[in-house]
Amino acid sequence: MIGMTQIESDEARRIVETELVLPAGDLLDIAEARHPGGQGALGLEFGRYEGSTDRYLFSTTVEDEEGAVWHLLLDAHSGEVVQDVAADQEQQDGQDDGRIVPGVRVIGDGAGPHASA
């Protein structure tokens with residue numbers, strides 16, 4: 001299991017603005033392509049690989065066309081999907097330890113095609 005340490009909104013904004021990571025919209029497109037057809041992203045946030053000071057993760061929750069909910073972690077630098085787990089499977093396996101489940105905080109002002117309602 002991959003651990004993620006949450007970062008504050010101002011740090012998330014800084015790493016996006018300085019292009020240390022891919023834009024949130026690009027990362028959401030990758031996640032939504034894995035599980036298309038639903039409501040799309042239900043939440044998102046940036047964090048650091050646990051124990052790292054300069055490697056970032058992007059965490060999101062998406063819904064697919066059948067209504068299943070998926071928790072995904074992407075490497076925020078490359079866009080590589082490093083974890084993709086069905087929410088119900090994650091709970092059955094006891095993996096919902098609070099470190100990898102994304103919140104619903106929107107980075108920035110929430111404007112744009114991937115803004116949360």
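Starting from the stretch 1-76, pick out the GluC sites (Glu not before Pro) whose DSSP state is loop and whose Cβ has at most 14 other Cβ atoms within 10 Å.
Working: sites: E8, E11, E17, E19, E32, E45, E50, E63, E65, E66; in loops: E8, E19, E50, E65, E66.
Loop-located and lightly packed - E8, E19, E50, E65, E66.
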Practice item. Starting with the fewest neighbours, write out I15, I2 ranked by other beta-carbon atoms found within 10 Å of each beta-carbon. Key: I2, I15
Check your understanding: When the dipole is taken about the Cα centre of the stretch 4-92, and only Lys, Arg (+1) and Asp, Glu (-1) are charged at their Cβ, what size is it in debye, to the nearest 20?
Key -> 220
Exercise for review: Please order H71, H77, H35 by the number of other Cβ within 10 Å, starting at the fewest.
Suggested key: H77, H35, H71
**Study point:** Quarter of the Cα convex hull surface for the stretch 4-92, i.e. its orientation-mean projected area (nm²)
**Key:** 5.6
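All of the numbers you see were taken from the coordinates with simple rules; none came from a lab. Bear in mind that the values here come from a model prediction, so they are computed numbers and not experimental data. So basically every Cβ, Gly included, is an ideal-geometry build from the backbone, and we count neighbours across all protein chains shown.
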